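The values are calculated or read from the model by the stated rules, or taken from the named source; none is laboratory data. Please read these numbers as outputs of a predicted model, since none were measured by experiment. Note: ideal-geometry Cβ built from the backbone for every residue, glycine included; neighbour counts use all protein chains shown. The protein model used for the area step is the full one, side chains on, heavy atoms only, and it has no ligands, DNA or RNA in it. Shrake-Rupley method; radii C 1.70, N 1.55, O 1.52, S 1.80 Å.
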Amino acid sequence: MNHVRPSIRVSCFLLFALYLSTSLFALNNDSAITGTVVDSTGAVVRGATVDVIAHHERLSTLSTDQRGHYSVSVPAAGSYEIRVSAPGFKTAVADNLAVRNSEESIRDFTLRLDTLSEEVTVTATATPTLESHLGAAVSVLGSNQLAGTDEVQESLRWIPGVQMTQTGQVGGTTALYIRGGNSDANKVLMDGIPMNDLGGAVEFADISSSALARAEVLRGPNSSVYGADAMAGVVSLTTRSGSTPLPEVTYVGDGGNFSTFHNEANVGGKWKAADYFADFSRLDTSNSIPNNRFHIGTASGNFGWSLAPNASLRATVRHDQLAGGQPNAILLYGIPDDTRQANEDSYFGATFETQTTAAWHNLVRYGGLRLRSEYTDFAPTGIPFYTEEMLQGYLGAPVTVHGANGYTVSGQAIFQYPEQYPNTYATSTDRDSVYAQSDYLVRRHLLVLGGFQYEDERGYSGGLANSIERRNSSYTLLFQGDIKGRLFYTLGTGVEDNDLFGVVPTPRASLAYLLKQPNQSGVLGGTRLRASFGKGIKEPSIFEQTDSLYDQLAALPNGNQLIAQYHVGQIGPEWSRTYDGGVEQELLHGRAKLAITYFHNEFTNGIEYIPSQGLIDLGVPTSVAAAASYGATVNSQAFRAQGVELEAQAQVSRGLFVRGGYTYLDAVVQRSFSSDAIGPTYNPNFPTIPIGAYSPLIGARPFRRAPHSGYFGVSYAHARFFSLLTGTLVGRRDDSDFLANDGNYMPTMLLPNRNLDSAYQRLDLSASYQMSPRIQITSRFQNLLSERYSEAFGYPALPFTFRSGVQLTLGGESWKLK
């Protein structure tokens with residue numbers, strides 16, 4: 001074989017010489033575009049982004065230097081488009097800039113102070129719609145708000161009407177409450193694919209912010225478009241996509257206290273008719289309390305292909321794998337639990353879109369969901385206690401517990417009961433769905449949308465014995481348009497055909513009226529009035545179905561007879577009805593915006609676990625209630641949530657942007673047949689105060705929803721420096737410590753519910769410095785004041801934390817060989 005090697009070497013040399021010569025030929029073009037960027041006062045703008053575009057493709061991106069100057073080589077003579085942008089300024093565009101061979105074209109730019117941009121959203125109407133044309137309340141978070149966060153729940157706190165509650169520290173169970181609704185009343189989508197478990201539950205601690213480009217939050221039901229679970233609101237997340245001709249590779253690495261490390265790498269680009277983006281990230285932390293080590297790894301992909309000028313195919317995938325210790329409410333027991341939670345979640349799908357004609361658009365999407373979780377309790381960790389030499393259970397350590405309401409208890413609560421260890425609790429959910437949509441612009445001011453979705457759901461909770469299957473269909477009909485460009489309307493209805501509870505309609509309507517057209521030349525700009533009405537539904541969870549009165553009776557030898565005799569039906573959906581209205585006012589020549597919204601929600605037919613006596617009080621015959629043994633789940637709860645949302649934002653100067661919001665929530669339980677509602681618990685130390693040990697009492701607030709909450713954010717950018725200061729402010733909340741018994745089986749450790757959780761204020765700061773076009777230094781500081789607080793009673797939040805690191809970026813420019 002030796003006689004072949006020289007020819008191989010010669011061939012390799014010739015190929016290399018050919019590549020080098022063509023590269024030098026491409027680089028030997030002296031054509032260039034140069035210029036200076038200044039603001040309206042004539043001051044130079046440093047760090048402005050300059051994009052060079054040809055034939056609708058971005059060829060290169062660069063930044064202005066300390067003198068506001070830029071210079072970029074172009075591959076050939078021709079016509080180019082230059083876009084110049086900088087934080088706080090409007091984007092300046094130069095179209096059809098002619099460049100000749102071996103010549104330098106000079107193009108200077110003057111940037112004007114920016115007005116607040118108007119977002120295009122799809123969550124409220126399933127079609128791209130300007131915010132000003134929506135009667136519904138929608139908020140958008142872009143890449144700037146999502147960057148520098150680990151979990152998406154961190155950014156969602158900066159939206160009016162939204163409250164997040166994290167049970168403990170990083171990785172702890174995290175719930176989203178929109179306008180007072182329950183945490184399982186929200187539809188969550190990833191690239192249009194539902195992320196909800198059966199029954200609406202979403203674990204936000206499992207959703208990292210890596211690879212996300214955008215988040216939209218609709219405050220209000222939208223079951224007319226999204227079907228079951230969109231009862232209080234909708235959260236729509238979008239994965240980043242590639243856009244640069246030369247692949248762009250980014251690496252982010254940082255570390256901080258509590259043994260926290262974060263690494264992320266991604267690559268994205270666009271080649272001919274295809275674009276691609278892939279990302280992998282991993283976060284590890286030990287948190288600040290024992291047995292609370294946590295890690296999460298996330299792999300994401302977004303791949304698109306333009307099949308034709310009017311047709312495209314896009315596939316997305318996201319896989320999360322995480323595990324962590326669960327120390328339990330350490331402030332209430334004084335001893336960390338020896339448990340572990342491990343989850344593995346996958347979301348994947350493909351979307352085909354075609355613009356059949358200028359007025360006719362069609363979409364077909366397949367979505368898949370795979371959720372797996374396992375909770376393991378390895379061994380008892382409390383202090384054993386005995387009665388007549390028989391083990392009764394395990395106590396926590398002696399503790400003194402203080403409520404924000406001024407009440408205090410001391411003692412030892414029962415931590416665990418005797419059982420076989422280790423023990424596990426496993427859950428599994430599979431969903432495959434197909435969604436088809438067709439929308440047609442009948443005329444300039446009217447669009448009609450029709451949609452159909454089919455879902456195949458399977459899952460179990462606690463084991464295969466508690467498994468279910470559902471095959472559901474839903475239909476959507478929506479009308480959207482305007483009258484003389486001033487009154488914008490959306491009218492529609494959905495029809496949900498659920499395998500469990502049958503056919504139900506979900507109507508929805510919204511209006512937006514431009515009382516005053518936007519005017520950027522005056523202090524008072526545009527004025528918009530808006531209002532909406534809607535109904536939403538939520539399907540029962542696996543546990544709620546398998547422990548329902550119907551299913552418990554069906555498992556008995558004479559169950560079918562009891563079901564037929566007393567007309568016991570399947571457990572039904574939970575309902576919501578909401579209406580809201582508000583006004584939005586532009587100020588300061590379009591650089592500021594102020595909005596106020598009133599909302600009123602009714603949540604009915606809520607599912608509760610009711611004891612036998614509660615079933616009798618509800619009207620269930622005694623023989624049926626007795627057959628249900630300890631009790632069953634039934635649609636019996638109702639509560640109201642109303643309030644006011646305020647939000648304001650302003651572009652104060654070129655680099656200074658501020659935003660803030662406040663929400664007042666008045667929520668009250670109107671009906672309940674739970675054990676607490678039937679017979680409240682009384683701590684003998686507070687004999688006159690009724691306490692809801694496991695659920696709120698009638699006339700009380702739902703747990704963990706604060707009457708007063710707010711947020712603010714201040715971002716500042718100058719040259720290569722960027723910083724963001726955010727604050728989350730949450731008032732006192734009703735809650736329970738859930739300490740039902742002490743060692744004598746007495747409720748001496750229970751605290752009154754009203755205002756049990758303390759108010760807290762959390763300040764976070766993130767900052768970055770662009771050392772060069774390829775290197776950026778980043779830092780994050782959370783809980784700057786190191787405030788001691790618990791979002792859920794007994795679970796301490798993290799104290800002051802910090803992380804610093806570096807971001808490296810390679811590629812992303814044009815590459816063309818002549």
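Quick rundown of the values:
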item: Area accessible to solvent at ASP456, 1.4 Å probe radius, in Å²; result: 30 Å²
item: Value of Rg/Rh across the range 333-404 [Cα atoms, Kirkwood radius]; result: 1.46
item: Loop trypsin sites (Lys or Arg not before Pro), the range 404-455 (other Cβ atoms within 10 Å of the site Cβ: 11 or fewer; DSSP); result: ARG444
item: Share of alpha-carbon pairs per 5 Å distance bin for the range 231-355, given as whole %; result: 2, 9, 14, 14, 14, 13, 11, 8, 5, 4, 3, 1, 0
item: Within the accessible area of the range 311-470 (1.4 Å probe), percent carbon and sulfur; result: 55 percent
item: Projected label distance in nm at THR408 and ALA759, using a 7 Å step from Cα toward the beta-carbon; result: 2.2 nm
item: Difference of contour (0.36 nm per residue) and Cα-Cα distance, TRP305 to ALA436; result: 45.2 nm
item: Hz values of 3J(HN,Hα) by residue in the range 742-758 - Karplus curve (6.51, -1.76, 1.60), Gly and Pro given as x; result: 9, x, 9, 6, 10, x, 6, 9, 7, 10, x, 6, 4, 6, 5, 7, 6
item: Contour excess over end-to-end distance, with Cα ends at LEU515 and ASN558 and 0.36 nm allotted per residue; result: 9.0 nm
item: Fraction of alpha-carbon pairs over 37 Å apart in the chain - percent; result: 49 percent
item: Relative contact order (%) - criterion: Cα under 8 Å, at least six apart; region: the chain; result: 11 percent
item: Per-bin percent of Cα-Cα distances, the range 89-213 [10 Å]; result: 10, 30, 29, 14, 10, 6, 1
item: Mean accessible surface per residue for the chain, computed with a 1.4 Å probe while every protein chain stays in place, in Å²; result: 43 Å²
item: Hydrodynamic radius by Kirkwood, which averages 1/r over all alpha carbon pairs of the range 67-132, in angstrom; result: 15.0 Å
item: Accessible-area value, LEU810, 1.4 Å probe, nucleic acids and ligands omitted, Å²; result: 110 Å²
item: Table column - 3J(HN,Hα) (Hz), the range 333-348, Karplus curve with 6.51, -1.76, 1.60, x for Gly and Pro; result: 10, x, 9, x, 6, 9, 10, 8, 10, 10, 10, 9, 10, 9, 10, 8
item: The range 262-302: translational diffusion in µm²/s, Stokes-Einstein, Kirkwood Rh over Cα pairs, 4 °C, 1.567 mPa s; result: 106 µm²/s
item: Long-range HN-HN contacts of ASN257 with modeled amide H, under 5 Å; result: PHE802
item: Equivalent ellipsoid semi-axes - Cα gyration tensor, the range 563-664, angstrom; result: 51, 12, 10
item: Over the chain: helical MRE at 222 nm, DSSP H runs n ≥ 4 each giving -39500 (n - 2.57), nearest 500; result: -2500 deg cm²/dmol
item: Separation between Cα centres of the range 477-518 and the range 450-473, rounded to whole Å; result: 28 Å
item: Computed over the range 479-598: relative contact order in percent, which uses C-alpha pairs under 8 Å that are six or more apart; result: 24 percent
item: Distance violations [Cα-Cα > 18 Å] among LYS187/LYS538; LYS535/LYS593; LYS484/LYS516; LYS187/LYS535; result: LYS535/LYS593
item: Euclidean distance between Cα centres, the range 137-185 to the range 36-114, Å; result: 38 Å
item: Computed E for ARG370/SER143 - FRET, C-beta separation, R0 25 angstrom, nearest 0.05; result: 0.35
item: Within straight-line cross-link reach of LYS270, aspartates and glutamates at Cα separation under 12 Å, skipping those fewer than 8 residues along the same chain; result: GLU57, GLU248, GLU813
item: Where the Cα pairs of the range 698-818 fall when distances are cut into 10 Å bins, in %; result: 11, 26, 23, 17, 12, 7, 3, 1, 0
item: Relative packing of peptides 212-222, 266-276 - highest average C-beta neighbours within 10 Å first; result: 212-222, 266-276
item: Positive-end residue of PRO418, THR260, GLN770, charge dipole of the chain with Cβ unit charges; result: GLN770
item: Spatial separation of Cα centroids for the range 563-593 and the range 320-379, in angstrom; result: 25 Å
item: Accessible carbon and sulfur surface of the range 161-222 relative to its total accessible area, %, 1.4 Å; result: 46 percent
item: Rounded accessible area of ILE571 (nearest 10 Å², 1.4 Å probe); result: 10 Å²
item: Degrees between helix 5-27 axis and first principal axis of the chain (Cα, 0 to 90, nearest 10); result: 80 degrees
item: Full-stretch length increase - ALA273, GLN670 - with 0.36 nm per residue and alpha-carbon distance subtracted; result: 137.2 nm
item: The range 734-818 - percent of accessible surface contributed by carbon and sulfur, probe 1.4 Å; result: 62 percent
